[in-house]
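Asks: There's a structure below that I have some questions on.
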Amino acid sequence: MALVTKAIKGTQDLLPCDSHKNRYVEQTMLSIAEKFGFKEIRTPVFEHTELFSRGVGDTTDVVQKEMYTFDDKGGRSITLRPEGTAGAMRAFLEHGLFNEPLPQKVSYLTSCYRYEKPQAGRLREFHQFGVECFGTAAPAADAELISLAHQIFSFLGVEGLTLELNSIGCPTCRKNYHKALREYFESRKAQLCPTCLDRLERNPMRILDCKNPECQEIAKNAPKVLDYICDDCAAHFAAVKSHLDAMNIPYVVNPTIVRGLDYYTRTVFEFVSTQIGAQGTVCGGGRYDGLAEELGGSATPSLGFALGIERLMLLLAAQNTPLPEEERADLFFVTMGDAANCKAAQLAYSMRENGLAVQYDILGRSVKAQMKYANKTGARNTVVIGDSELESGEVTVKNMDGGDGAQLPLDGFEDAFEQYLIQAELGRLADEEISF
Ligand code: ATP
Ligand code: MG
C-alpha cells in the first residue's frame, strides 16, 4: 500500500510553501515575453505519436528512448508531449495561423514527459517555459529571441550563465558536413555505441549529442560544423552575432553544440550554468526552418527556445536569489462564540471582494490558539471579536509587526480598516523618508 503514498519516480510535488516562487518566476517570464510580442498558447498534453517522431526526429534520444507512448482504448498510438515545439507548430498549421500577420509569436508553460534516468535537474515529468516565433528567416529574429531569454534571466537576477552559440547550417551545406562526419566516425566505428552506429547511417550529427561517455570522447575531435557552413549560413550567423553585440549580450561560440532535436537549422544556442551539477543547460533553442514542411505545411522558417523550470529554480536556490515572500493575510479575525464568528465571516467575505487577504477561525479553536495560528501564518494584523465587541460596536486592530494599532467601529469596518492600512502605509513611507 506504500505505493499510494509515494509519487512516481522522476516526478515531484510543488508544495504550498514553495509554489509562490514558481508562480512569480512563471508570471515574470510570461509577462516579459508578452512585452516582446509573444502571446500564450496552450496545447494538449498528449498528441499523436507521429507528431513527435516526425517533428522531434526519429534519430533523437527523445524519440528513440524517452517517450511515454501508449495505445489508447481506441487503439491509437498516443504520446505524452516530451517538448512543446511540435504541438505549437501543429496548432499553427491546423488553425491556419500562417494566414495571420507574420511572424506569429507564441509562448507557453507546460509539463513535459521523458523517460530518463532521474537525477538532480533531470526528471520524468518536468516543466518548460517556451517561446516560438513562426514565419521569419531574418537573423534579427534569432537575436531578438535570444535577447528575450537574456532579459528574463537578468530580470530574475540570475548570474553566471554563459550563452553558447553555434550555427549548424542548412540542409545544403550539411551534406558536406555529414560526409566529413561519416568519414571521421567510420574509422572509429568499433568504439561507438549501438545507437550511434545506427545514427552513423541515418544522421551522423546525432552522434555529437550522444550522452555515452565513450561516444562523447570520440566526438570531441570530430570535424566542426562551422567549418562546413555555406556562405549564406555564415552571413546569417554573422548577422545574428552583430545584433547580439548591438544589444550588449555576451556569448561564446561553441562549435560543438548541435542540440538534441532533429529539426534545428542554422542558429542553435544554450544558456549554461556550472552551478547546478551535470545538468547545466537551463535553456536551449534555435532555428528550425524545416519543421513546418516536415509536418506537411508549407515552408515557414521559424525558431524558438525552451527553458527548464526545475533547473532554473535549482539555480535560483543555489544563488540565494531573493524572490518575493509568500502573500501574508492583511487581517486575521480572532473570534469568540458563534455570533462573532458569523460577523467575521460576513466582514471577511466583503473585504475579500475588495481585494484584501482576510482569514478567520474555521476550526473552532481557543482565542490563544487562534492568535498563535495568526502569528505562525504571518497575518499582518489581528482583530478580536467577542460578545463585548459586538455589544460596544468597537474593535481593536493589533499590528503583528509591532506597528501602531487602532480602535475601529464594527459598523463600516471594511472602509475603516482600509483607511487604517493607508495610514499605516503613509506612516511607513514617512519613516523611510526620514531615515533617507
Ligand atoms: P539535456 O541535454 O540536458 O538532456 P535536452 O537537449 O534534452 O537537454 P531540450 O529538449 O532542449 O533539452 O529541453 C529544453 C530544456 O528543458 C533543457 O535545457 C532543460 O533545462 C529542460 N529539460 C530537458 N529535459 C529535462 C528533464 N528530463 N528534466 C528536467 N528538465 C529538463
Ligand atoms: Mg535530453
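Asks: Just to verify a result, which residue in segment 246-258, among those that are open to solvent by 30 Å² or more (accessible area, probe 1.4 Å) and not in a strand (DSSP E or B), is farthest from ligand 1 (Cβ to nearest atom)?
Replies: Going through the qualifying residues, I end up with ALA246.
Yes/no per residue for (1) farther than 23 Å from GLU325 by Cα; (2) surrounded by 14 or more Cβ atoms within 10 Å (Cβ to Cβ); (3) touching a strand residue (DSSP E or B) at 6+ places or on another chain (Cβ under 6 Å):
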| site | (1), (2), (3) |
| --- | --- |
| TYR360 | no, yes, yes |
| THR377 | no, no, no |
| THR382 | no, yes, yes |
| GLU389 | yes, yes, yes |
| ILE422 | no, no, no |
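Asks: Quick one: is LEU93 within 14 Å of ligand 2 (Cβ to nearest atom), out of contact with any Phe, Trp or Tyr (no Cβ under 7 Å at 6 or more places or on another chain) and more than 26 Å from LEU197 (Cα to Cα)?
Replies: Taking the combined requirement at face value, the residue does not satisfy it.
Asks: Just checking, which of SER111, SER53, SER107 is surrounded by fewer than 17 Cβ atoms within 10 Å (Cβ to Cβ) and either among the acidic types (Asp, Glu) or not in a loop (DSSP other than H, G, I, E, B) (or both)?
Replies: After ruling out the rest, the residue left standing is SER111.
Asks: Further, regarding this structure: Would you please list the contacts, defined by Cβ atoms under 6 Å and residues six or more apart or on different chains, that run from a residue in segment 57-84 that is among the aromatic types (Phe, Trp, Tyr) and outside any strand (DSSP E or B) to a residue that is open to solvent by less than 70 Å² (accessible area, probe 1.4 Å) and away from ligand 1 (no atom under 11 Å from the Cβ)?
Replies: Correct list of pairs: TYR68/LEU80.
Asks: Inspect all residues belonging to segment 144-152 and state whether any of them is farther than 26 Å from PHE52 by Cα, within 16 Å of ligand 1 (Cβ to nearest atom) and not aliphatic (A, V, I, L, M).
Replies: Looking through segment 144-152, at least one residue is farther than 26 Å from PHE52 by Cα, within 16 Å of ligand 1 (Cβ to nearest atom) and not aliphatic (A, V, I, L, M).
Asks: Still on this structure, please answer the following. Scan segment 266-283 for residues that are within 15 Å of ligand 2 (Cβ to nearest atom) and in a strand (DSSP E or B) and report the count.
Replies: Of the residues in segment 266-283, 6 are within 15 Å of ligand 2 (Cβ to nearest atom) and in a strand (DSSP E or B).
Asks: Then there's this: Select, from LEU307, LEU261, LEU226, LEU295, the only residue that is within 16 Å of ligand 2 (Cβ to nearest atom) and open to solvent by 10 Å² or more (accessible area, probe 1.4 Å).
Replies: Unique residue meeting the criteria: LEU261.
Asks: Tell me, yes or no, whether segment 309-318 has at least one residue that is within 29 Å of ILE41 (Cα to Cα) and not aliphatic (A, V, I, L, M).
Replies: Yes, segment 309-318 contains a residue that is within 29 Å of ILE41 (Cα to Cα) and not aliphatic (A, V, I, L, M).
Asks: Still on this structure: State which residue is farthest from the chain's Cα centre (by Cα) when the search covers only segment 375-434 and only residues that are at pLDDT 95 or above and of a type in the set (Lys, Arg).
Replies: Within segment 375-434, the match that is farthest from the chain's Cα centre (by Cα) is LYS398.
Asks: If you check PRO118, PRO101, which single one turns out to be under 30 Å from THR43 (Cα atoms), without any contact (Cβ under 8 Å) to a residue 40 or more places away in the chain and surrounded by fewer than 18 Cβ atoms within 10 Å (Cβ to Cβ)?
Replies: Matching residue, one of PRO118, PRO101: PRO101.
The values are calculated or read from the model by the stated rules, or taken from the named source; none is laboratory data. The structure presented is a predicted model; accordingly, all values stated were derived computationally and were not measured. Using ideal geometry, Cβ is built from the backbone for each residue, glycine included, and neighbour counts are taken over all protein chains shown. To get the accessible areas, we keep the full protein, side chains included, count just its heavy atoms, and leave off ligands, DNA and RNA. Shrake-Rupley method; radii C 1.70, N 1.55, O 1.52, S 1.80 Å.
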